[in-house]
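The values are calculated or read from the model by the stated rules, or taken from the named source; none is laboratory data. Since this is a predicted model, take the numbers as computed values, not measurements. Every residue, glycine as well, gets a Cβ built from its backbone with ideal geometry; the counts of neighbours run over all protein chains shown. These area figures cover heavy atoms from the full protein model, side chains too; ligands, DNA and RNA do not enter into them. Shrake-Rupley method; radii C 1.70, N 1.55, O 1.52, S 1.80 Å.
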Amino acid sequence: QETLAECDGLVAVSEIVQGNYERFVKTALPTFLSTNGCDFGFFTKGLSSATGNPGGRRRAIYQGGINRRVDFDLLHELATMLKDWEFRFLGAVGFLASEADLLKKWERLRALPNVRWLGEVGVEVVRDEMIDATVGLIPFRNLSYIPLSFPLKAYEYVACGLPVVTVPIVALQKNPILFRTANSAREFAVAIEEVAASRHDPKMLDIRRAEAKSQDYDSKFESVVGFIEATKRRTEGKESANVLV
């Protein structure tokens, strides 16, 4: 409340965040929605020559922080069910000292023969691994803030041509063509098998490319700059204008 009292505009990353501010904050501010998207040019570089590993072992990928958000029980059950799939993980491992139980679950998952962790790698490796994968995963735990979030990885997967299977997230459920929702390991397994068939479908690849391009950060940046400039015009006479992001 104290911060907002000093601001002249608000930029929100999701509709629910924006709605909560508008509903609960007493100070009426001009607001602008700019959701997470992707660096379209970077993630689509080299796609035309990429094979996506169509003739090899089918591969599900998770890229991002390996921490308390990830549902390791779900993933262990899933990898056990889909023994003919390879599950690849890319990202830094980070657990608090009080989260030793989660670390053990991660180590148990890593011990499965069809699970591979590549560690914390550069963005080029992340991109190339996604291009070579079959399905992108967003396997988070049922934490209170997860349904309200907008994962950065969502449209990065899409930009690389991947179908995505995710836990329920409000912002992603609005686009079921791109994001298939699942609630359990069994539902994840069924969804992964079903969406895998569309991985190399030309029509679906065109749809994913178009949707990812519409979420490009270059255009989002220009839109936010326009909002800030409009905010400045509305506050002429003030020494400076403040925008909360």
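Given R₀ = 35 Å, what would the calculated FRET efficiency be for Asn175 paired with Ser240, taking r from the Cβ atoms and rounding to 0.05?
Computed FRET efficiency for Asn175 and Ser240 comes out at 0.40.
Taking the chain as the reference, fit the longest principal axis to its C-alpha atoms, fit the long axis of helix 72-81 to the helix C-alpha atoms, and give the angle between the two in degrees, 0 to 90, nearest 10.
40 degrees
About the Cα centre of the chain, how large is the charge dipole given +1 on each Lys and Arg Cβ and -1 on each Asp and Glu Cβ? Please answer in debye to the nearest 20.
Result for the chain is approximately 480 debye, rounded to the nearest 20.
What number comes out for accessible area per residue over the chain if the probe is 1.4 Å? Units Å², please.
52 Å²
Tally Lys/Arg at +1 and Asp/Glu at -1 over every other residue whose Cβ is under 14 Å from the Cβ of Arg68; what's the total?
Local charge sum for Arg68: 0.
Out of the DSSP beta bridges found with both residues in the chain, what percent are antiparallel (nearest 5)?
Around 5 percent antiparallel, to the nearest 5.
With θ set to phi - 60° and the Karplus curve 6.51 cos²θ - 1.76 cosθ + 1.60, what are the ³J(HN,Hα) couplings of region 122-131 in order, to the nearest whole Hz, using x for Gly and Pro?
Per-residue couplings from phi come out as x, 5, 5, 5, 4, 4, 5, 5, 5, 4 Hz.
Starting from the amide H of Val70, placed 1.01 Å from N in the peptide plane, find each other amide H under 5 Å away whose residue is 5 or more places distant or on another chain.
Arg141
Positive end of the charge dipole of region 103-223 (Lys, Arg +1 and Asp, Glu -1 on Cβ, about the Cα centre): tell me which of Phe150, Met130, Phe221 has its Cα farthest that way.
About the Cα centre, the residue reaching furthest to the positive side is Phe150.
What is the distance, in nm, between label points placed 7 Å from the Cα along the Cα-to-Cβ direction at Glu6 and at Val121?
According to this spin-label approximation, the distance is 4.3 nm.
Give me the tail of P(r) for region 132-224 as a percent: Cα-Cα pairs with distance above 19 Å.
Of the Cα pairs, 40 percent sit more than 19 Å apart.
With a ≥ b ≥ c the root eigenvalues of the C-alpha gyration tensor of region 81-188, is it rounded (a/c under 1.5), prolate (a/b larger than b/c) or oblate?
rounded
Relative to the Cα centre, what is the charge dipole magnitude of region 53-148, using +1 at the beta carbon of each Lys and Arg, -1 at the beta carbon of each Asp and Glu, and rounding to the nearest 20 debye?
160 debye
Return the long-range amide H neighbours of Val167 (sequence gap of 5 or more, or a different chain), with a cut-off of under 5 Å between placed amide H atoms.
Ile138, Phe140, Ala182
Among Gly136, Gly37, Gly56, whose mean-square fluctuation peaks in a Gaussian network model of the chain (Cα, cutoff 10 Å)?
Gly56
Going 7 Å from the Cα of Glu22 along its beta-carbon direction, which residues of region 155-190 have the amide nitrogen within less than 14 Å of the resulting point?
none
Order Phe42, Phe227, Phe188 by their accessible area, 1.4 angstrom probe, all chains in place, largest first.
Phe42, Phe227, Phe188
If the limit is 22 Å between Cα atoms, which of Lys174/Lys220; Lys26/Lys220; Lys45/Lys203 go over it?
From the list (Lys174/Lys220; Lys26/Lys220; Lys45/Lys203), the Cα-Cα distance tops 22 Å for Lys26/Lys220.
Ignoring ligands, DNA and RNA, please state the percent of accessible area on region 104-174 from carbon and sulfur, probe 1.4 Å.
The computed percentage sits at 53.
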